[in-house]
Ligand code: HEC
């Protein structure tokens, strides 16, 4: 009996919520403070000129910012060469190397497709990480 009452109540609440839903695009979920990566920068994903640092944070940050598994593994892997585990702190990276690693994968890093990171986005990220290196 109680179960039926609960179900009826739930159905009423649900139908009220649907009745009040505004027309058009549903709102995006809120950006959670505990997520370490930045939201994707606005703009057309196929057109260059978007912010490389923000794209790096959004597309690569869950592995390559502080606490990410890429950072942890690179800290160990590159320690003998005295290189930082944080890609954003490196000054030895070149754009072509970054692009090669992203499209082909590297040790524990999976390769990343053009659906996930477009060529235009990868160009911006590689330029950001290379800091002017050719
Ligand atoms: C799922 C986690 C993950 C994601 C996402 C990821 N990486 Fe990685 N990346 C790694 C790991 C792990 C390594 C280190 C390989 C190892 O030691 O196993 C690595 C290594 C690299 C290296 C090689 C650095 C060196 O010292 O040779 C580059 C460059 C790189 N990543 C760039 C990127 C870029 C750019 C993105 C985003 C487009 C990205 N990665 C996304 C996990 C990730």
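Quick check on the range 64-80: of everything there that is modelled with pLDDT under 95 and surrounded by 17 or more Cβ atoms within 10 Å (Cβ to Cβ), which residue is nearest to the ligand (Cβ to nearest atom)? Among them, the one singled out is 68. Applying a threshold of 9 Å to beta carbon distances and a minimum spacing of six or more residues, or different chains, the list of pairs starting in the range 92-117 at a residue that is within 27 Å of residue 82 (Cβ to Cβ) and ending at one that is within 8 Å of the ligand (Cβ to nearest atom) and not in a helix (DSSP H, G or I) reads 92/83; 100/106; 101/109; 102/109; 102/112; 102/117; 105/112.
Of the helices (runs of 4 or more DSSP H) that lie entirely inside the range 49-134, those containing 1 or more residues that are within 18 Å of residue 37 (Cα to Cα) and out of contact with any helix residue (DSSP H, G or I) (no Cβ under 7 Å at 6 or more places or on another chain) span 52-64, 69-78. Among the residues of the range 27-53, those identified as at pLDDT 95 or above and within 24 Å of residue 83 (Cβ to Cβ) are 52, 53.
The values are calculated or read from the model by the stated rules, or taken from the named source; none is laboratory data. The shown structure was predicted, so the numbers you read here are calculated from the model rather than taken from an experiment. Backbone-built Cβ (ideal geometry, glycine too); neighbour counts: all protein chains shown.
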